[in-house]
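The values are calculated or read from the model by the stated rules, or taken from the named source; none is laboratory data. Keep in mind that what you see is a predicted model, and the values were worked out from it rather than measured. Positions of Cβ are backbone-derived with ideal geometry, glycine not excepted, and every protein chain shown enters the neighbour counts. Only protein heavy atoms, including side chains, enter the accessible area calculation; ligands, DNA and RNA are left aside. Shrake-Rupley method; radii C 1.70, N 1.55, O 1.52, S 1.80 Å.
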Amino acid sequence: MNYIKKQQRDSYPGMSARDVLIQWGDYLSMCSDLKKHMDDEMVYKPRELKRRHDEAVYEHQMRQAQLQADAYSAKFPGAEENLNEIRSRFEYENDTYRIIVPERLVEIVAEGRTLHHCVANTDRYFDRIMQKETYICFLRQKEAPDAPYYPIEVEPGGTIRQHRGYLDEEPDIETVKVFLKEWQRHLRKNMT
């Protein structure tokens, strides 16, 4: 109970002891699923429960994304090779933005999960990549190249089918559209 009260005070102010206990139980369950050493006090009774809980959630999500992507790789052979094939023509950057072509399907799944997009939850995008009908690229802010921003679905000729940011919204859409038109001109020039 002392541990629960300490976590309630330090990590979960305003939360009831019962709710902190539920968080701790969820954390321990995830640690068990992740094959952590459950007899290690630093695992089963972390100093900062909320931080360790959130880390376990992220690790669990990435592991699930990897398993899902592995299934997609088996179901859609050649999709990753198709992405690697277009990389040199499709990648582009200016002073503000850059287009990145993912190397592995797990990156697409992780991007979709992070931004809460359907690209992480449906087969159709991976089938389209395998059939060379469309590709998924990532639009990133140049100052934060690893932070998901906009997944872009683009046809082989450079026509953009869709682009959406977090929760299917379109942050900074006016400057993004200017960059995407610039990128499309670059693509067309590279394809002739």
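Scanning segment 1-55 for residues that are outside any helix (DSSP H, G or I), without any contact (Cβ under 8 Å) to a residue 24 or more places away in the chain, surrounded by fewer than 15 Cβ atoms within 10 Å (Cβ to Cβ) and not hydrophobic (A, V, I, L, M, F, W, C) gives Pro13, Gly14, Ser16, Lys35, His37, Asp39, Asp40, Arg47. Cβ separations smaller than 7 Å between residues 6+ apart or across chains give the following pairs from segment 57-68 residues that are more than 13 Å from Glu111 (Cβ to Cβ) to residues that are open to solvent by 70 Å² or more (accessible area, probe 1.4 Å) and of a type in the set (D, E, K, R): His60/Asp33.
Summed over segment 145-156, the residues that are open to solvent by 30 Å² or more (accessible area, probe 1.4 Å) and either more than 22 Å from Phe76 (Cα to Cα) or of a type in the set (Phe, Trp, Tyr) (or both) give a count of 4. If the condition is being open to solvent by 90 Å² or more (accessible area, probe 1.4 Å) and without any contact (Cβ under 8 Å) to a residue 40 or more places away in the chain, then segment 160-176 contributes Arg161, Glu169, Glu174. Just one of (1) open to solvent by 40 Å² or more (accessible area, probe 1.4 Å); (2) part of a helix (DSSP H, G or I); (3) under 26 Å from His60 (Cβ atoms); (4) in contact with a strand residue (DSSP E or B) (Cβ under 9 Å, 6 or more places away or on another chain) fails for Val119. It is (1).
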